[in-house]
Amino acid sequence: MSSNRYEPDDNGALAQVWQRLYAASCCDMAVGALVIYEHFITFPQEVRLIWRLRLSSGTVIFLANRYFVLLYAIFSIMGVFNWTSALSCEVVQMMTLVPQLSLYAIIPVFLSLHAHAISGYNWYTTTVILSLGLGPLAANIFFWDRTSHATVTYVASHPVCDFEPAYSNH
């Protein structure tokens, strides 16, 4: 974990960096706020339609998907704030990664169960769809393992978490 300094040579370059950071932060906040708002307004329906049902694989997948999306939105919003140490950047990055990887697992499970029912309970089709669907999860875990830790980059004395992958040699 380290920190870098980025001091643009001219004000135009600094303005471009700030513009990109601002746009990314606005997008993260807007999407996160929309997801949180949607969870609040649909919560009574969820209680009425889902929580009162007998627990099944469908309800578990639905609830896992719903709440991992909510966690991802909350942690994405947290990433917008200024974190002044590499450790805090790393923690926020890890907190965002866990629900993201969970969603990469939930989606193929849902799709393969759906295909299993549609195909007349054909396990071959189910296995192929699940195997292909888990590819992005495996790829993300592999590349996450190969990336270096988060860093704090100071842009004109303002700390910014740097989540750009810098591949290590291990």
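The values are calculated or read from the model by the stated rules, or taken from the named source; none is laboratory data. Keep in mind that what you see is a predicted model, and the values were worked out from it rather than measured. Counting neighbours? That spans all protein chains shown, and the Cβs are built from the backbone with ideal geometry, glycine included.
Listed values, structure above:
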| quantity | calculated |
| --- | --- |
| Matching option when the condition is out of contact with any helix residue (DSSP H, G or I) (no Cβ under 9 Å at 6 or more places or on another chain), of a type in the set (A, V, I, L, M) and within 30 Å of Thr151 (Cα to Cα), among Leu101, Leu97, Leu87, Leu49 | Leu87 |
| Single residue of region 20-42 satisfying the filter (of a type in the set (Phe, Trp, Tyr) and at pLDDT 95 or above) that is farthest from the chain's Cα centre (by Cα) | Phe40 |
| Some residue of region 109-117 being assigned to a loop (DSSP other than H, G, I, E, B), loosely packed, with under 15 Cβ neighbours inside 10 Å and either at pLDDT below 90 or not small (Gly, Ala, Ser) (or both) | no |
| Residues being closer than 22 Å to Ala105 by Cα and part of a helix (DSSP H, G or I) - total across region 37-88 | 22 |
